[in-house]
1. Using Cα springs under 10 Å in a Gaussian network model of the chain, which residue among L94, L52, L17 shows the largest mean-square fluctuation?
2. Answer with a single label: of (i) 15.3; (ii) 9.1; (iii) 14.3, which was calculated as mean projected area of the Cα convex hull in nm² from the structure in view?
3. For R36 paired with Q156, estimate the spin-label separation in nm (one decimal), with each label point 7 Å from Cα along the Cα-to-Cβ line.
4. Relative to the longest principal axis of the C-alpha atoms of the chain, give the angle of the C-alpha long axis of helix 56-68, reported between 0 and 90° and rounded to the nearest 10°.
5. Using only Cα atoms and rounding to the nearest 10 degrees, what angle (0 to 90) does helix 116-129 make with the longest principal axis of the chain?
6. Quick one: length gained pulling A95 to T44 fully straight, 0.36 nm per residue minus the C-alpha distance?
7. Given region 2-159, what percent of its DSSP beta bridges are antiparallel, to the nearest 5?
8. Could you size up the charge dipole of the chain around its Cα centre, putting +1 on the beta carbon of Lys and Arg and -1 on that of Asp and Glu, and report it in debye to the nearest 20?
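Just so it is clear, none of the values below were taken in a lab; they were calculated from the coordinates. Fair warning: this is a prediction, and the values are worked out from it, not measured in the lab. Here the Cβ is made from the backbone with ideal geometry for all residues, glycine too, and neighbour counts use every protein chain on show.
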Amino acid sequence: MKILITGGTLDKQYNPLDGTLIFNESSIHEMLEQSRNTVETEVTALMLKDSLDMTEDDRHSISQACYDANDKQIIITHGTDTMVETAHAIASNLAADKTVVLLGAMVPYQFKQSDALFNLGCAMAAVQILPSGVYITMNGQVFDYREVQKNRAIGQFVKS
């Protein structure tokens, strides 16, 4: 299983000097250890970006990394604001035998009330049992990338 890191709230950390949320390093390795993961994984950091700052070139890089991956099961950590757009970019270039699951978090992993670990666990299970294609997992739900949107008013992903 390949895990591609792109950033998003999941990987943000609190900066005690100015009170902002910043990127320092990914929490994925810590998350995998905490969850007692036994699935063989290869983690690759592509970038650490807020998804609102992602460009079409960034989406192309993510899509190309999926295309180039030898693994048939790919998980991508991503910011929630433009996750659906990236899923569409990936789907337009994906080999027919690969399954890609994107996940994010509404609260950074480093915060006590984070949904990040749960979302990672859901994504890891989903990518192993879903047919090939592109999906988004958030808060216990699995969505086809063509049938999901982020409802900013309630802070959840919903079927579109």
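1. Result: L17 has the largest fluctuation of those listed.
2. Computed from the coordinates, mean projected area of the Cα convex hull in nm² corresponds to (ii).
3. My value for the distance between the label points is 3.0 nm.
4. 50 degrees
5. Around 10 degrees separate the two axes.
6. Result: 16.4 nm gained on full extension.
7. Once the DSSP bridges in region 2-159 are tallied, antiparallel ones form about 35 percent.
8. So the dipole magnitude of the chain works out to roughly 480 debye.
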